[in-house]
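Single-structure report; data block below.
Taken together, the values in this text are just the output of simple stated rules run on the coordinates, not laboratory data. Since this is a predicted model, take the numbers as computed values, not measurements. FYI the Cβ positions are ideal-geometry reconstructions off the backbone, even for glycines, and counts take in every protein chain you see.
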Amino acid sequence: MNSSFPDDTTVRLTAYGYFELAEKPTPERLSEYYAAKYYQQSVRTHQHKYEADELLFRKNKLEQKRLKVESLLDPNEAQRQFLDIGSGEGFALAHYAQCGWEVTGMDYSSFGCTMHHPDLRDRLLVGDLNELMNQLKEAKERYQLILMDNVLEHVLEPLDVLRTVRELMVPGGILIVEVPNDFSALQMSLLDSGRIPSPFWVVSPDHVSYFNHEGLRALAADAGLQQCALMSDFPIDFALCNENTNYVVDKSKGKSCHRARVELDNLIHKLSPEGATRLYEALGSLGLGRQIISFFRRGD
């Protein structure tokens, strides 16, 4: 194994087949860390605005996932209740609301949603996500669709979270879990070839778990959730194979690589939203793409 691979004092392989921090932070440390981080982000992003192509990129990614969801749900189901766990700036809430869904969001902070989608602030629950989920469970709230976009990798006990989320789903409901695709075949090849000096994706305490799609599927199955579809997103990490675009070795390349991703993804989507969805399903099946987008159905 490449000497740059983190040793067992940094990460360990779980029984499910994905990695996690060998020494997890305490709940108190993690809470303090995120309290400070959200405060800093709220200050930095107070005047933040997105360019038109960035907004289109976000909209397209949401549409690709929604197209897959609509192929999985019963078209005769009149109820359309959507829960976004970790709503951030509220883009998913806005997308599904515009498509006729009744939306609810939750996040540790209201800054992002208030800045970008103030009209949806009253649909946002603010506070500790575990506490909010338990409150919804006790109130017997149930949803046809739940989204967890870049949330699960941050939590200390992902199995417990998924078990709670399952209780918030109606029978036949869909959960979308989107997480970074870490320790992938491409990343390990890049390490072995020396194109990247170290596993840059290991970031403690931000990310506690480092998922691959097999490990995520096994974890979800233990929580009573059955995978029914798999996608990825644009494989920006392909750029690391080229010394002229290697944004890990030369961080100044990062912005131009992201701009290329936005431009190409928008073009692919313009050619065919359905084709874009099929493309990312194929990449997901190969374990490629920077993100894993996994669709689960509640097993009953």
Inset, instruction - Within the stretch 181-214, count every residue that is farther than 19 Å from Q227 by Cα, aromatic (F, W, Y) and either in contact with a helix residue (DSSP H, G or I) (Cβ under 6 Å, 6 or more places away or on another chain) or in contact (Cβ under 8 Å) with a residue 60 or more places away in the chain (or both). - result: 1
Inset, instruction - Give me the pairs, please: first residue somewhere in the stretch 271-283 and closer than 9 Å to M231 by Cβ, second residue anywhere and in a helix (DSSP H, G or I), beta-carbon distance under 6 Å, and either six or more positions apart or on two chains. - result: T277/Q64; T277/L67; T277/K68
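Yes/no per residue for (1) farther than 22 Å from R297 by Cα; (2) in contact (Cβ under 8 Å) with a residue 12 or more places away in the chain:
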site	(1), (2)
S110	yes, yes
C113	yes, yes
N130	no, yes
E138	no, no
Inset, instruction - Could you pull out the residue among E157, E178 that is touching a residue at least 40 places away in the same chain (Cβ under 8 Å) and among the acidic types (D, E)? - result: E178
Legend entry - Residue list for the stretch 11-26, filter: in contact with a strand residue (DSSP E or B) (Cβ under 8 Å, 6 or more places away or on another chain), aliphatic (A, V, I, L, M) and surrounded by fewer than 17 Cβ atoms within 10 Å (Cβ to Cβ): L13, A22
Inset, instruction - Please work out which residue is surrounded by the fewest Cβ atoms within 10 Å (Cβ to Cβ), limiting yourself to the stretch 234-248 and to residues that are touching a Leu at 6+ places or on another chain (Cβ under 8 Å) and touching a residue at least 24 places away in the same chain (Cβ under 8 Å). - result: C241
